[in-house]
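**Student:** Before I ask anything, here is the structure I am working with.
The values are calculated or read from the model by the stated rules, or taken from the named source; none is laboratory data. Quick caveat: nothing in here was measured; it's all calculated off a predicted structure. As a convention, Cβ positions derive from the backbone with ideal geometry for all residues, glycine included, and neighbour counts pool all protein chains shown.
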Amino acid sequence: MTNGPVFQFNQPNHKVKMVFKKGIILIVAGVLLLLPVNGKSQLVNLTQIPAYQQIFVTTDAFDSSYLTQLEKYYNQNLPDTIKLAIGNDLAYYWHTRNLAKAYVLASEVLSFAKTTNNKVWEGRIQTTLGAILLRQEKLDSAFTLLESAKKKLQKKDWPRLLTQMGYVMERRDQLSKAANYAMDGLRLGESLNDLRATAMAYSDLSNLFSK
């Protein structure tokens, strides 16, 4: 996707400072957007819109009762798209706590997505599974899966995908390529007016500049 110049790590100090400054501002704004509106609301209610109340958090410092609730809902008889959304979140939130469990969950949800012939959700879950493989240091497998996911996703789903691709390059110590993925995510986030994606891209760039 990279259309801009190849990113090199010889940027002047003022550019580094600019990235940090913008990153901090947008990260704070992104954090405010990620905070749950009402932590006591029912997670799934088929009579409301949206039926699944996704809870976003800034860290993994939520108690295990939330994951228990998600797992309970996932095992219920729900519409396919809601079940896929819950299963994807369940696997993603577990991947910072228990990689083995997260891998099993993501693989199970991916298999279910394939039976529904829903390519978009298949791509989203492949992105989550790619993140899990990345944390397991299976970098080649992770990148192959992420490339497959990209072909199935709409551009509005690319920011999270590009983030994971950049992380693979960072783990490979290919920092310029990692920065290019972050810049792609930044440009895409700005074009979509996606504050979370923009904040994440600035955060990633700031992290790379600090290395």
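**Student:** Which of the following residues is under 12 Å from the mean Cα position of the chain (by Cα), buried (at least 20 other Cβ atoms within 10 Å of the Cβ) and within 22 Å of residue 204 (Cα to Cα): 129, 133?
**Tutor:** 129
**Student:** Inspect all residues belonging to region 107-118 and state whether any of them is among the acidic types (Asp, Glu), within 30 Å of residue 46 (Cα to Cα) and under 14 Å from the mean Cα position of the chain (by Cα).
**Tutor:** no
**Student:** From the list 208, 153, 146, which one is under 29 Å from residue 81 (Cβ atoms), aliphatic (A, V, I, L, M) and in a helix (DSSP H, G or I)?
**Tutor:** Exactly one residue qualifies, and that residue is 146.
**Student:** Among what's in region 152-169 and is under 15 Å from residue 129 (Cα atoms) and more than 12 Å from the chain's Cα centre (by Cα), pick the residue that is surrounded by the most Cβ atoms within 10 Å (Cβ to Cβ).
**Tutor:** Per the criteria, the residue is 168.
**Student:** Hey, can you tell me all the residues within region 172-195 that are in a helix (DSSP H, G or I), under 22 Å from residue 134 (Cβ atoms) and among the acidic types (Asp, Glu)?
**Tutor:** Matches in region 172-195: 184 only.
**Student:** Give the residue that is surrounded by the fewest Cβ atoms within 10 Å (Cβ to Cβ), with candidates limited to residues of region 170-198 that are in contact with a Lys or Arg (Cβ under 9 Å, 6 or more places away or on another chain) and among the aliphatic types (A, V, I, L, M).
**Tutor:** Only one residue fits best here, namely 192.
**Student:** Please enumerate the residues belonging to region 195-209 that are under 14 Å from the mean Cα position of the chain (by Cα) and small (Gly, Ala, Ser).
**Tutor:** Across region 195-209, the qualifying residues are 197, 199, 201, 203.
**Student:** Now, a different point. So residue 140 ticks every box in (1) surrounded by 19 or more Cβ atoms within 10 Å (Cβ to Cβ); (2) assigned to a helix (DSSP H, G or I) but one. Which box is left unticked?
**Tutor:** (1)
**Student:** Let me ask you something else. Taking only pairs six or more apart or across chains, which ones have beta-carbon atoms under 6 Å, a first residue in region 155-168 that is closer than 16 Å to residue 207 by Cβ and among the small types (Gly, Ala, Ser), and a second residue that is crowded, with 21+ Cβ neighbours inside 10 Å and modelled with pLDDT of 95 or more?
**Tutor:** The qualifying pairs are 166/178; 166/181; 166/182.
**Student:** Restrict the check to region 146-166 and report whether at least one residue is closer than 17 Å to residue 88 by Cβ, small (Gly, Ala, Ser) and at pLDDT 95 or above.
**Tutor:** The answer is yes, given that some residue of region 146-166 is closer than 17 Å to residue 88 by Cβ, small (Gly, Ala, Ser) and at pLDDT 95 or above.
**Student:** Sticking with this structure for a sec: Checking the structure you have, find out if any residue of region 82-97 is within 15 Å of residue 121 (Cβ to Cβ), among the acidic types (Asp, Glu), at pLDDT 55 or above and in a helix (DSSP H, G or I).
**Tutor:** yes
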